[in-house]
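Have a look at the structure below before the remarks.
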Amino acid sequence: MNRTERNRLVVENLPLVGYLVSDLCAKASHLSRDDLASAGAVALITSADSYKPELGVPFGAFARRRILGAFADEMRANDWASRGTRRRIKETLAVKETLTAALGRTPGVDEIASALGVDRETAAAGLADAARVVSTLDDATAEILVADTALPEETLLSEEKLAYLHAAVEALPEKMRSIIRQVYFEDRTVKEIAEELGLTHSAVSQQRAEAVRLLKDGLTVHYSDTGAQAYVPESRIAPANRNAYLARVAEHAIVGMARMASQRQAESLEVAAS
């Protein structure tokens, strides 16, 4: 690609950076718009430098993934929370979750403070810090599940992402698959699922967390740019079980992509016949 074409791509897609900055800041207002915009602009330029039109991926979709990656790097590099603060967040949330399971309701600040053995102000500060942490369906899968934020030119790529995500979900062990479906697709709470299954709140939460780690592994190996070359497993199950899961993801993805291709072909035929 010559320099003129590269500059054209950058100029035409600068609004994409602004769109993504606004979208992220709407979810986490403590972030610096200027810092994110700078990181996003650099990622846009490097995307234009490495873009290969012959791959058949729209440049907007190609650049978007790299811009979001730059945002993640920027957030990690300028993490507002110290190690001590993160430890307090973790302890506060763990106690809140335990009390919720024991009481059958959300505990008050005074109850959390008593369980932690701290004063009310410290517990309130821990809860406030926890509220600032951005975690939808844990970083790797959030963007895929929130598909309504996709830009028009990314429709095909979004469909592909969803095909891989659904393949990763379908490949999960039965209990994990059920929990993920109910929590993230049916909007049910962990408490409701635990009561229905006759399990503790903590047990269901652990299953959900491990399922998300497996989803990350599946999407990293089968969908991300780096793929298996830079793959470091996040799930904690035995390697043999993880490998079996990854193989199932590949099988489900092949079926899903074939089904999607057949559906597109049928739609094209209908349009041609009309």
Residues of region 146-191 being at pLDDT 75 or above and among the acidic types (D, E), in sequence order, are E170, E174
Sort out which residues of region 98-131 are part of a loop (DSSP other than H, G, I, E, B), farther than 26 Å from E192 by Cβ and not β-branched (V, I, T), and write them in order of number.
G117, D119
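For region 242-254, check the following and say yes or no: at least one residue is touching a Gly at 6+ places or on another chain (Cβ under 8 Å), at pLDDT 80 or above, buried (at least 19 other Cβ atoms within 10 Å of the Cβ) and among the aliphatic types (A, V, I, L, M).
Quick first cut of region 242-254, residues touching a Gly at 6+ places or on another chain (Cβ under 8 Å) only: 245-246, 249.
Okay, now just the ones that are also at pLDDT 80 or above, so 245-246, 249.
Now narrow it down to the ones that are buried (at least 19 other Cβ atoms within 10 Å of the Cβ): 245-246, 249.
Those still in the list that are among the aliphatic types (A, V, I, L, M) too: 246, 249.
Checked region 242-254: at least one residue is touching a Gly at 6+ places or on another chain (Cβ under 8 Å), at pLDDT 80 or above, buried (at least 19 other Cβ atoms within 10 Å of the Cβ) and among the aliphatic types (A, V, I, L, M).
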Restricting attention to region 25-56, and to residues there that are part of a loop (DSSP other than H, G, I, E, B) and crowded, with 17+ Cβ neighbours inside 10 Å, which single residue is modelled with the highest pLDDT?
Y51
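The values are calculated or read from the model by the stated rules, or taken from the named source; none is laboratory data. The structure displayed is predicted, hence computed values, not measured ones. No Cβ is skipped: glycine too gets one built from the backbone with ideal geometry, and neighbour counts run over all protein chains shown.
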